[in-house]
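The values are calculated or read from the model by the stated rules, or taken from the named source; none is laboratory data. From a predicted model like this one, the values you see are computed outputs, not experimental measurements. Here the Cβ positions follow ideal geometry from the backbone for every residue, glycine too, while neighbour counts run over all protein chains shown.
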Amino acid sequence: MTEFEQLASLLFPDVTETVEDLEARFPVRNLKEGARVTRFAPSPTGFLHIGGLFSALISKLNAATTGGVFLLRIEDTDKKREITDGVSEIIKGLNAFGIDIDEGVVGFEKEIGAYGPYTQSHRAAIYHTVAKRLVEQGLAYPCFYTEEELTAIREAQETEGTPIKGIFGKWAKYRDASFETQKALLAEGKPYTLRLRSPGSEDRRISFDDLIKGKIEMPENVQDVVLLKADGIPTYHFAHAVDDHFMRTTHVIRGDEWISSVPLHIQLFKVCGFRVPKYAHISPVMKEENGGKRKLSKRKDPEAAVTYYAEQGYPKESVLEYLLTLANSNFEDWRRANPDAPQSAFPFNLKKMSVSGALFDLTKLTDVSKNVISRFSAEKVLADTLAWAGDYDAQLAALLGADEAFAKAIFSIDRGTAKPRKDIGKWNEVRDYVAYFYEALYENDLSALPENLSKADCAEILKAYLAAYDPTDDKDGWFSRIKALCEPLGYTPNVKEYKKNPAAFKGHVGDVSTVIRVAITGRRNTPDLYSILQILGEDAVRARLSAAMQTLEG
Ligand code: GLU
């Protein structure tokens, strides 16, 4: 046995498997050519950032569109960041947006798939097996620095102005410690971390092709980074290499805060004898502020949390549609050409992602959402609103739920036509949208009556209409009747005629119908008035017309 091998046995007396065993236990996946294995690897903080959802979506799309596998791994090596059941919150967040997990963690302490465990805290034996192999090969070593010594090194490097900070070169005292020294320190029970014996050199550079950012060149890693902490728990870097190798990830898609670590990661894959995966680094989701751009912040921006979208009542389809417009600049053109195609039909391409960071804009999201909702069926609008209101607006839920056919009729107005209305951007706007259909929400507000007419003029129109109103009219008959009101009252049914000679009339048919519209709904701008009258029914229509007339006359 070499001294390295003896050291490895001393450090890892409990390791029973070999790296070859792991290779056999987690074989290269039998997938069709070009299939990508991607993963989302959050820490269980219980908080799903919209940027996290964005990167999970990109990973999912890459797997789904290539016939690959999308897995969820929980990175819980940093216990400080963990909260109780933070995993469920993240899974709930992904599920709420239909980002289904093919493999990995699917619930609290629940996993599916043959490449697990998928929770890092359950993978200690796997990390130790690989670490042991590295020690045997002289590629990793125990480092006995105390916290105080490490602080002193950091301070000395600050003072010297060393460009690279960390343990390397003359600072790596235990890198070449003799086996005798190592044995003695271990016998004393001195705590140690396991460090990489970095093969990097300060005058070499590495380059790699990032699938989003293109070719990137950086200095090689020279630091003897920690692989296992003193408690045997791996660092993120080491766990990344081991996990993504044995889970057979082909494409590592993650936030670009990790770009600076890529030289280390590539080195770790190589040192371990693993094939380096492809990398794609996503720029953070940005927000415009005071003319500048900054990252969406968990602390400052409520819209950074995915729960915000559920609370506001943005349908998941809208959020996904918007994220796709951020993901690929050609998505909107594709959508215009394929208005009814499912999102999954979009030929997503990593190469078309923004390099500088997509700007997240709630107004744009709401616009996108108005389009998406305008294509929903009335049944879906009702069902989704009821589901949302059940959690966030009990009164609305009760009103809509009391007579679903009535509610469905409201949502059916102009729906399914070539030009559906785009009034609703999120479910918390439905209350206002339906308000005048429900006495409990309706406000008899006449302030929107046309300014060019007096109260007496308006009252006169309402009186005449009340007398003429026939609830059995069809739409054409109804409008003819309104036109017929015009001339006797001094209005013209012909807008062009009015424009030619405005002094000859009190107004035109548009003014007449606006007066009726405002008396019935309290608004100047509504969907088709004929449909509104039909839904409200004769009694409500007559009552509102009379009430408005009285107010105007009073
Ligand atoms: N746990 C890391 C994070 O939350 C994952 C990074 C990666 O995807 O490799 O940022």
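Numerical summary
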| read-out | value |
| --- | --- |
| Tally, over the stretch 122-156, of residues that are of a type outside the set (A, V, I, L, M), within 24 Å of residue 181 (Cβ to Cβ) and outside any loop (DSSP other than H, G, I, E, B) | 12 |
| Among residues of the stretch 215-229, those that are touching a residue at least 40 places away in the same chain (Cβ under 8 Å) and either in a strand (DSSP E or B) or among the hydrophobic types (A, V, I, L, M, F, W, C) (or both), counted | 8 |
| Checking residue 273 against (1) touching a residue at least 40 places away in the same chain (Cβ under 8 Å); (2) surrounded by 19 or more Cβ atoms within 10 Å (Cβ to Cβ), the condition it does not meet | (2) |
| Selection count, the stretch 350-370, where residues are touching a Ser or Thr at 6+ places or on another chain (Cβ under 9 Å) and in a loop (DSSP other than H, G, I, E, B) | 6 |
| Helices (runs of 4 or more DSSP H) enclosed by the stretch 435-509 - at least 1 residues per element that are in contact with a Lys or Arg (Cβ under 9 Å, 6 or more places away or on another chain) | 455-468, 475-489 |
| Residue pairs meeting the criteria (Cβ under 6 Å; at least 6 apart or on separate chains; first touching a residue at least 60 places away in the same chain (Cβ under 8 Å), in the stretch 442-466; second of a type in the set (Ser, Thr, Tyr)) | 442/436; 450/514 |
| Counted residues, the stretch 252-299 - those being under 28 Å from the mean Cα position of the chain (by Cα) and part of a helix (DSSP H, G or I) | 8 |
| Test: residue in the stretch 37-45 that is among the polar types (S, T, N, Q) and away from the ligand (no atom under 16 Å from the Cβ) | no |
| Those residues of the stretch 371-406 which are among the charged types (D, E, K, R), surrounded by 14 or more Cβ atoms within 10 Å (Cβ to Cβ) and not in a helix (DSSP H, G or I), in sequence order | 375, 393 |
| Output for the stretch 230-251, where each listed residue is touching a residue at least 40 places away in the same chain (Cβ under 8 Å), away from the ligand (no atom under 11 Å from the Cβ) and under 22 Å from residue 121 (Cα atoms) | 232, 233, 234, 235, 238, 242, 246, 247, 248 |
| Wholly enclosed helices (runs of 4 or more DSSP H) of the stretch 1-98 bearing at least 1 residues among the acidic types (Asp, Glu) and out of contact with any strand residue (DSSP E or B) (no Cβ under 9 Å at 6 or more places or on another chain) | 3-11, 19-25, 86-96 |
| Unique residue being within 16 Å of the ligand (Cβ to nearest atom), under 24 Å from residue 277 (Cβ atoms) and touching a residue at least 60 places away in the same chain (Cβ under 8 Å) when the list is 68, 51 | 51 |
| Count of the stretch 105-131 residues which are over 26 Å from the mean Cα position of the chain (by Cα), polar (S, T, N, Q) and within 15 Å of residue 245 (Cβ to Cβ) | 1 |
| Meets criteria (crowded, with 23+ Cβ neighbours inside 10 Å and away from the ligand (no atom under 11 Å from the Cβ)) for residue 74 | no |
| Pair list, Cβ under 8 Å, 6 or more apart: the stretch 253-268 residue over 17 Å from residue 282 (Cα atoms) and aliphatic (A, V, I, L, M), other residue assigned to a helix (DSSP H, G or I) and within 9 Å of the ligand (Cβ to nearest atom) | 268/240 |
| Index of the failed condition, residue 87 passing every other in (1) modelled with pLDDT under 95; (2) more than 14 Å from the ligand (Cβ to nearest atom); (3) aliphatic (A, V, I, L, M) | (2) |
| Test result for residue 254, within 12 Å of the ligand (Cβ to nearest atom), at pLDDT 95 or above and basic (Lys, Arg) | yes |
| Positions within the stretch 175-196 being buried (at least 16 other Cβ atoms within 10 Å of the Cβ) and farther than 17 Å from residue 235 by Cβ, in sequence order | 175, 177, 182, 185 |
| Tabulated pairs, the stretch 31-47, first touching a residue at least 12 places away in the same chain (Cβ under 8 Å) and among the small types (Gly, Ala, Ser), second part of a loop (DSSP other than H, G, I, E, B) and within 13 Å of the ligand (Cβ to nearest atom), C-beta under 6 angstrom, 6+ apart or interchain | 41/73; 41/75; 43/75 |
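Yes/no per residue for (1) touching a residue at least 12 places away in the same chain (Cβ under 8 Å); (2) of a type in the set (S, T, N, Q); (3) in contact with a helix residue (DSSP H, G or I) (Cβ under 8 Å, 6 or more places away or on another chain); (4) under 17 Å from residue 521 (Cα atoms):
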| residue | (1), (2), (3), (4) |
| --- | --- |
| 392 | yes, no, yes, no |
| 398 | no, no, no, no |
| 401 | yes, no, yes, no |
| 404 | yes, no, yes, no |
| 408 | yes, no, yes, no |
| 415 | yes, no, yes, no |
| 438 | yes, no, yes, yes |
